[in-house]
Amino acid sequence: MVVSIVIRKTRIADRQEWQRRLEEALPRIRAVLEAEPGFLSLQYLWRVDGDGHMAQVTTWREWEDCRRHIWEGGAATVAALEDRALPTAPHPEGTWVRHTFEVALTVP
């Protein structure tokens with residue numbers, strides 16, 4: 001299993017506004033992800049200090065599935081949908097960073 005985490009800062013610093021906007025965009029985002037082979041799950045995280053930082057966490061069956069999503073356009077489509085709903089903060093604070101990990105150990 002592979003986990004991909006995209007972290008960025010949005011212009012939205014209010015948690016309730018952020019969640020409202022994200023929930024409006026979520027059906028379109030989920031439609032893109034659910035059409036991708038090997039997609040398993042999606043989570044969004046809000047940084048506890050409420051400064052607009054967020055993370056998108058996707059889980060994939062295999063690295064090849066995640067790689068295909070990133071390199072063949074699915075990730076760019078999701079990013080555009082997210083950015084339309086949650087505009088990115090100005091550079092350099094709004095830099096998008098992706099970290100991708102293979103799950104090495106699951107502890108019950």
Qualifying position, being under 12 Å from the mean Cα position of the chain (by Cα) and of a type outside the set (S, T, N, Q), among Arg8, Arg47, Arg28: Arg8
Pick out the one residue from Thr100, Thr77 that is surrounded by 15 or more Cβ atoms within 10 Å (Cβ to Cβ), among the polar types (S, T, N, Q) and part of a helix (DSSP H, G or I). Thr77
With the first residue restricted to region 33-49 and required to be in contact (Cβ under 8 Å) with a residue 40 or more places away in the chain, and the second required to be of a type in the set (Ser, Thr, Tyr), Cβ contacts under 7 Å at 6 or more apart or on different chains are Leu33/Thr58
Could you tell me which of the residues Arg30, Arg67, Arg11, Arg20 is closer than 25 Å to Ala104 by Cα and surrounded by 12 or more Cβ atoms within 10 Å (Cβ to Cβ)? Arg67
Region 33-45, residues that are hydrophobic (A, V, I, L, M, F, W, C) and either farther than 27 Å from Glu93 by Cβ or crowded, with 17+ Cβ neighbours inside 10 Å (or both): Leu33, Ala35, Phe39, Leu40
Residue list for region 80-97, filter: surrounded by 15 or more Cβ atoms within 10 Å (Cβ to Cβ), in contact (Cβ under 8 Å) with a residue 12 or more places away in the chain and charged (D, E, K, R): Glu82
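Bear in mind these aren't lab numbers, they're just calculated from the coordinates by the rules spelled out. It should be emphasised that the depicted structure is a prediction, and the values quoted were computed from it without experimental measurement. Methodologically, a virtual Cβ is constructed for each residue, glycine included, from the backbone with ideal geometry; neighbour enumeration extends over all protein chains shown.
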